[in-house]
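Student: Dropping the structure in here first, questions after.
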Amino acid sequence: MKTRMNFKKSTAGALIVMLIFAALLTGCGDNGEENNSDVDMPTVGIVQIVEHPSLDTIRASILTQLAEEGFVDGETITVDYQSAQNEQANLKPICQKFASNNYDLIIAISTPAAQAALGETTEIPIIFSAVTDPLSAKILTNLDTPGGNITGTSDAVSAEMIMDLAREITPDIQTIGALYNSSEINSVSVIEDLRKYAQTNGLSVVEAPVMNSSEVKQSATFLAGKCDAVFSPIDNTVASTMPIISQTLNDAGVPFYVGADSMVNDGGLATYGINYTILGQETGKMAAQVLNGTDPGTIPVLTIKDVKIYINKNTAAQIGVTFPQAVLDNATVLGE
């Protein structure tokens, strides 16, 4: 009888020990969950209309700047990058995903991407980049005090400055070809400025708008037979097909003036434009501000004012153009 009592006591003691151990494990589990919740990382969705050197440079610079500000992908933030592959229909489901998953920040690279993001959420902060004309695009109504949930950086270029440069390099220009995607508001606004410039300076403009990349070679060939020079703004369809366009125009000996440094690097003759690395850095700084708690509606839109001359000497040699010394003295040479 005594032995059975000892057995029962031993069994009861073991059960108590097991229960205490289980309670300790449960406590550790709770602490682990709390620790996990403490380290939940903000999620940043990046949407880009298409991949081409200008926009890719912006995205890379944004991520580098965010890392410098302490927001490192995979360590302190989670980045979900999506490209629409130059199909505007793809932008909506991408931005819907970002909104439905309640991401902490959306970075929209290009005008169509910014429009799509704003169409899906008025709550999640949005930082845009490479939006040429945020007002014409109806993304916001005031550049200094955007209000709402969106702000960003503009890559606005001056058609007047680029055309003045073109006439300095190739002074015999009388007819300018305009190659652009007529569905990109960012391009349409610059082409409108080109028309005004031409009218003021006694020049004529021949337009060959395209709707997609499959039309660019035909349009470039058409303009090569009609114009003394061709101009394209910062147009995503044009930028993503630069090798085709530049080869077509260079073979025809027609100067191709463009809106971005990367487009010069890809075969354009020259531009008066901004540095896209700097644009991305400034966008990254804004994104870091928002991740740190700043209301995006209180951050003024930044338009990069530091523009430079970019030239391609290989293209010039191919089409028989000699750059004036005054241009060479102030230019950054690309494409070598």
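Student: For the stretch 244-263, name all the residues that are within 25 Å of the chain's Cα centre (by Cα) and at pLDDT 95 or above.
Tutor: If the condition is that a residue be within 25 Å of the chain's Cα centre (by Cα) and at pLDDT 95 or above, then 244, 245, 246, 256, 257, 258 are the ones that fit.
Student: Another one. From the list 290, 258, 230, 264, which residue is out of contact with any Ser or Thr (no Cβ under 8 Å at 6 or more places or on another chain) and farther than 30 Å from residue 76 by Cα?
Tutor: From the options 290, 258, 230, 264, the qualifying one is 230.
Student: Right, here's the next one. Would you check if there is a residue in the stretch 277-290 being under 26 Å from residue 318 (Cα atoms), touching a residue at least 12 places away in the same chain (Cβ under 8 Å) and among the hydroxyl-bearing types (Ser, Thr, Tyr)?
Tutor: No - not one qualifying residue is present in the stretch 277-290.
Yes/no matrix, rows are residues, columns are (1) acidic (Asp, Glu); (2) under 30 Å from residue 115 (Cα atoms); (3) at pLDDT 95 or above:
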{"position": "155", "(1), (2), (3)": "yes, yes, no"}
{"position": "169", "(1), (2), (3)": "no, no, yes"}
{"position": "177", "(1), (2), (3)": "no, yes, yes"}
{"position": "184", "(1), (2), (3)": "yes, yes, no"}
{"position": "189", "(1), (2), (3)": "no, yes, no"}
{"position": "196", "(1), (2), (3)": "no, yes, yes"}
{"position": "202", "(1), (2), (3)": "no, no, yes"}
{"position": "212", "(1), (2), (3)": "no, yes, no"}
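Student: Mind checking which residues of the stretch 40-50 are out of contact with any Ser or Thr (no Cβ under 9 Å at 6 or more places or on another chain) and not in a strand (DSSP E or B)?
Tutor: 40, the sole residue that qualifies.
Student: Go through the stretch 299-336 and count every residue that is part of a loop (DSSP other than H, G, I, E, B) and not charged (D, E, K, R).
Tutor: 11
Student: Considering every residue within the stretch 63-71, establish whether at least one is outside the structural domain of residue 193 (by TED's automatic domain parsing) and closer than 28 Å to residue 193 by Cα.
Tutor: For the stretch 63-71, residues outside the structural domain of residue 193 (by TED's automatic domain parsing) and closer than 28 Å to residue 193 by Cα: absent.
Student: Every residue in the stretch 170-184 that is surrounded by fewer than 18 Cβ atoms within 10 Å (Cβ to Cβ) and under 26 Å from the mean Cα position of the chain (by Cα), please.
Tutor: 182, 183
Student: If you take the residues in the stretch 162-214 that are of a type in the set (Asp, Glu) and either assigned to a helix (DSSP H, G or I) or touching a Leu at 6+ places or on another chain (Cβ under 9 Å) (or both), which one is farthest from residue 312 (Cα to Cα)?
Tutor: Step by step, filter the stretch 162-214, then rank; the result is 192.
Student: Of all residues in the stretch 51-109, count the ones that are under 15 Å from the mean Cα position of the chain (by Cα), outside any loop (DSSP other than H, G, I, E, B) and among the polar types (S, T, N, Q).
Tutor: Total satisfying the criteria: 8.
Student: Can you give me the number of residues within the stretch 296-308 that are touching a residue at least 12 places away in the same chain (Cβ under 8 Å) and of a type in the set (D, E, K, R)?
Tutor: 2
Student: Are there any pairs, at least 6 apart or on different chains, whose C-beta atoms fall under 6 Å, with the first in the stretch 42-60 and closer than 22 Å to residue 289 by Cβ and the second surrounded by fewer than 24 Cβ atoms within 10 Å (Cβ to Cβ) and among the polar types (S, T, N, Q), and if so, which?
Tutor: 43/78; 47/82; 48/83; 57/277
Student: Where in the stretch 231-272 are there helices (runs of 4 or more DSSP H), lying fully within it, with 3 or more residues that are out of contact with any Gly (no Cβ under 9 Å at 6 or more places or on another chain) and farther than 16 Å from residue 169 by Cα?
Tutor: Once the helices (runs of 4 or more DSSP H) in the stretch 231-272 are filtered for at least 3 residues that are out of contact with any Gly (no Cβ under 9 Å at 6 or more places or on another chain) and farther than 16 Å from residue 169 by Cα, what remains is 242-251.
Student: Here is a follow-up. Residue 135 fails exactly one of the following numbered conditions: (1) without any contact (Cβ under 8 Å) to a residue 60 or more places away in the chain; (2) within 16 Å of the chain's Cα centre (by Cα). What is the number of that condition?
Tutor: So residue 135 meets the others, but not (2).
Student: Then there is this: Could you please give the count of residues in the stretch 278-297 that are buried (at least 16 other Cβ atoms within 10 Å of the Cβ) and either in contact with a strand residue (DSSP E or B) (Cβ under 8 Å, 6 or more places away or on another chain) or outside the structural domain of residue 76 (by TED's automatic domain parsing) (or both)?
Tutor: Summing the residues that are buried (at least 16 other Cβ atoms within 10 Å of the Cβ) and either in contact with a strand residue (DSSP E or B) (Cβ under 8 Å, 6 or more places away or on another chain) or outside the structural domain of residue 76 (by TED's automatic domain parsing) (or both) in the stretch 278-297 gives 9.
Student: Can you confirm whether the stretch 195-216 contains a residue that is in contact (Cβ under 8 Å) with a residue 60 or more places away in the chain and buried (at least 18 other Cβ atoms within 10 Å of the Cβ)?
Tutor: Checking the stretch 195-216: not a single residue is in contact (Cβ under 8 Å) with a residue 60 or more places away in the chain and buried (at least 18 other Cβ atoms within 10 Å of the Cβ).
Student: For the list (1) more than 21 Å from residue 119 (Cα to Cα); (2) at pLDDT 95 or above; (3) polar (S, T, N, Q); (4) not in a strand (DSSP E or B), I need the number of the one condition that residue 35 fails.
Tutor: (2)
Student: Now, a different point. Anything in the stretch 298-312 that is in contact with a helix residue (DSSP H, G or I) (Cβ under 9 Å, 6 or more places away or on another chain) and either under 17 Å from residue 245 (Cβ atoms) or surrounded by 14 or more Cβ atoms within 10 Å (Cβ to Cβ) (or both)? List them, or say none.
Tutor: If the condition is that a residue be in contact with a helix residue (DSSP H, G or I) (Cβ under 9 Å, 6 or more places away or on another chain) and either under 17 Å from residue 245 (Cβ atoms) or surrounded by 14 or more Cβ atoms within 10 Å (Cβ to Cβ) (or both), then 299, 302, 304, 307, 309, 310, 311, 312 are the ones that fit.
The values are calculated or read from the model by the stated rules, or taken from the named source; none is laboratory data. Being a predicted model, the structure only gives us computed values, none of them experimental. No Cβ is skipped: glycine too gets one built from the backbone with ideal geometry, and neighbour counts run over all protein chains shown.
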